[in-house]
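The values are calculated or read from the model by the stated rules, or taken from the named source; none is laboratory data. If you're wondering where the values come from, they're calculated on a predicted model, not measured in any experiment. Cβ placement follows ideal geometry from the backbone for every residue including glycine, while neighbour counts extend to all protein chains displayed. Accessible surface areas use protein heavy atoms only, side chains included; no ligands, DNA or RNA. Shrake-Rupley method; radii C 1.70, N 1.55, O 1.52, S 1.80 Å.
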Amino acid sequence: MTLRACGFIVFRRLLNCISPQNNIEYLLLQTSYGEHHWTPPKGHVDPGEDDLTTALRETKEEAGLGAEHLRVVDGFLQELHYEVRGKPKLVLYWLAELSDPETAVTLSEEHQSFRWAQLEEACKLAQYKDLQDTLRAAQRHLETEQTSA
């Protein structure tokens, strides 16, 4: 049976940045367990819960950011497939903008640190190629959205 998890690639736009390409930062959380890897907020789907509700709940639990703090970006959904302890796992990521870039992040005990990082630093922290590809896809989506606005 495939484990299923959902979360958000949370980003903020810095208001005082000169270049529109460099004003986007992504939120990554460092786990308190295992290898202390960096990941966007995500978690397992509870029985009877829909995927987007899971993403919202997990982001609130892990980072203290609720639906009132986020704007879900239309047209972006990424699926990551990988194995955890020999079992297949599917993670769905939506893209969400932090409405107020100054909103504080409040970590749960599942994470020991967080960082806002521009794309290349976020990719270095993320380490896993599929997550790096997802972050790059998010950046491309935002740049496309920006040029068509």
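Determine the per residue accessible area of the chain with all protein chains present and a 1.4 angstrom probe, expressed in square angstrom.
Here the per-residue accessible area is 54 Å².
Shape of the stretch 70-146 from its Cα gyration tensor (a ≥ b ≥ c, root eigenvalues): rounded if a/c is under 1.5, otherwise prolate when a/b > b/c, or oblate?
Values: a/c = 1.62, a/b = 1.17, b/c = 1.38.
Oblate.
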For the chain, what % of the accessible area comes from carbon and sulfur atoms, probe 1.4 Å?
-> 51
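What FRET efficiency comes out for Asp100 versus Leu3 if R0 is 30 angstrom and r is the Cβ-Cβ distance? Round to the nearest 0.05.
Details: r = 33 Å, r/R0 = 1.11.
So, using R0 = 30 Å, E works out to roughly 0.35.
Give the relative contact order (percent, whole number) for the chain; include only Cα pairs under 8 Å separated by 6+ residues.
Working: 279 pairs, mean separation 47.5, N = 149.
Relative contact order for the chain comes out at 32 percent.
Quickly rank 67-78, 38-49 as a protection proxy: mean count of other C-beta atoms within 10 Å, highest first.
Numbers: 67-78: 14.5, 38-49: 16.8.
Ranked by mean Cβ neighbours within 10 Å, highest first: 38-49, 67-78.
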For the stretch 1-141: lysine pairs under 20 Å (alpha-carbon distance), excluding those fewer than 8 apart on one chain = 7
